[in-house]
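A quick write-up on the structure given underneath.
The values are calculated or read from the model by the stated rules, or taken from the named source; none is laboratory data. Keep in mind that what you see is a predicted model, and the values were worked out from it rather than measured. Here the Cβ is made from the backbone with ideal geometry for all residues, glycine too, and neighbour counts use every protein chain on show. Surface areas here come from the heavy atoms of the whole protein model, side chains and all, with no ligands, DNA or RNA. Shrake-Rupley method; radii C 1.70, N 1.55, O 1.52, S 1.80 Å.
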Amino acid sequence: MSQNVELVIFDWDGTLFDSVGQIVASLQYAAQQFEQPLTDDAAKSIIGLGLPEVMQILFPQVPHLQQDILQCYADHYVANSKGDAWFTGVAELLQELKQQGLKLAVATGKSRKGLDRVLSQTNSHHIFDITRAASETKSKPDPLMLQEILTEMDVAAESAIMVGDTSYDLEMAQNIGMPRIGVSYGVHTVETLVQYQPLTIANDVAELHQYLRNHLAEFALTEI
C-alpha cells in the first residue's frame with residue numbers, strides 16, 4: 001500500500017455486532033416452520049450475503065416458499081434480537097478512529113430496513129459517514145457496494161480498508177484491489193479468510209484495534 005488510509009469500511013454482523021447466534025437461531029426457526037432441513041453450519045455459512053441470496057442458497061428446493069421463509073426469519077429475528085449489541089471494545093475502536101479524522105463506513109448483507117434498525121439500536125447513525133445495505137445494491141462478494149461507497153466518499157480503493165469476518169467481505173475487497181483485514185471471531189475460519197490475502201486476521205476486537213492503531217501510525221510516519 002502506497003497511499004494514506006482515509007476510510008475504514010466495516011461489515012456489520014459478526015464484525016461489529018454480536019448477532020451471529022441470533023441469526024442462526026432465527027434461520028433455524030423459519031426453516032422448521034416450513035419443515036425444511038437446515039444445519040447450524042449451513043445457516044452460519046451464508047451470513048454476510050443478501051437475504052434473497054441466502055434464501056436461494058439454503059432453500060433451492062422450494063423456490064415458491066422462499067419469500068415466506070424470509071419473512072418468517074425477519075419477524076423472528078426482530079422479535080428476539082433486541083439484546084444483541086456491539087462486541088466488547090467496538091465503541092472505543094470507532095470513537096478512536098473518528099477522533100483521528102478517518103471516514104467510517106458500513107457495507108453489510110443486511111437490508112436497509114434492518115441496518116437502520118440496528119444503527120438506531122446502537123445509537124450510531126452519526127458515527128458512519130456512509131452505509132450500504134445489500135437490498136439497495138448487489139450482494140457481496142460483488143464489489144459494487146464498495147465502489148459506491150468509494151465514489152461517494154471520493155476515496156481511492158487503495159486508500160481504504162475493508163474489515164470483515166467472512167470470505168464474502170474479503171473477496172469483495174480483493175476484487176477491486178482494496179486492502180482488507182479479516183476477523184476470526186465472527187463466521188468464517190482463519191483457514192478460509194487467509195485465502196484472500198488479508199493484511200492480518202484479528203482474533204478479537206482488541207487485536208483489531210491494536211493493529212489499526214499501529215498500522216495507521218505507520219502511515220502517519222511515512223507522510224512526514
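With the structure loaded, tell me whether V62 is out of contact with any Asp or Glu (no Cβ under 8 Å at 6 or more places or on another chain), open to solvent by less than 30 Å² (accessible area, probe 1.4 Å), free of Cβ contacts under 8 Å to residues at least 60 places away in the same chain and β-branched (V, I, T) or whether it fails that test.
Judged against the criteria, V62 is a match.
Just checking, does the range 136-151 include any residue being in contact (Cβ under 8 Å) with a residue 60 or more places away in the chain, over 16 Å from G48 (Cα atoms) and more than 12 Å from the chain's Cα centre (by Cα)?
Yes, because at least one residue in the range 136-151 is in contact (Cβ under 8 Å) with a residue 60 or more places away in the chain, over 16 Å from G48 (Cα atoms) and more than 12 Å from the chain's Cα centre (by Cα).
Among the residues of the range 162-205, which ones are open to solvent by 30 Å² or more (accessible area, probe 1.4 Å) and under 11 Å from the mean Cα position of the chain (by Cα)?
Y168 - this is the single residue of the range 162-205 that is open to solvent by 30 Å² or more (accessible area, probe 1.4 Å) and under 11 Å from the mean Cα position of the chain (by Cα).
Being closer than 16 Å to V187 by Cα and aromatic (F, W, Y) is the filter here, so list the residues in the range 15-58 that pass it.
Listed by number, the list holds a single entry, F17.
Test of understanding: among E35, E6, E53, which residue is open to solvent by 20 Å² or more (accessible area, probe 1.4 Å), in contact (Cβ under 8 Å) with a residue 12 or more places away in the chain and over 24 Å from T192 (Cα atoms)?
Answer to the check: E6.
Would you check if I176 is closer than 18 Å to T15 by Cβ, of a type outside the set (S, T, N, Q) and modelled with pLDDT of 95 or more?
Answer is no for this residue.
Out of D75, D84, D68, which single residue is open to solvent by less than 70 Å² (accessible area, probe 1.4 Å) and closer than 26 Å to A25 by Cα?
D84
Run down R117, R132 and say which single residue is in contact (Cβ under 8 Å) with a residue 24 or more places away in the chain, on the phi < 0 side of the Ramachandran plot and open to solvent by 60 Å² or more (accessible area, probe 1.4 Å).
Sole residue among the options that is in contact (Cβ under 8 Å) with a residue 24 or more places away in the chain, on the phi < 0 side of the Ramachandran plot and open to solvent by 60 Å² or more (accessible area, probe 1.4 Å): R117.
For the range 87-109, which residues satisfy the criterion of being in contact with an Asp or Glu (Cβ under 7 Å, 6 or more places away or on another chain) and open to solvent by 20 Å² or more (accessible area, probe 1.4 Å)?
Scanning the range 87-109 gives F87, K103.
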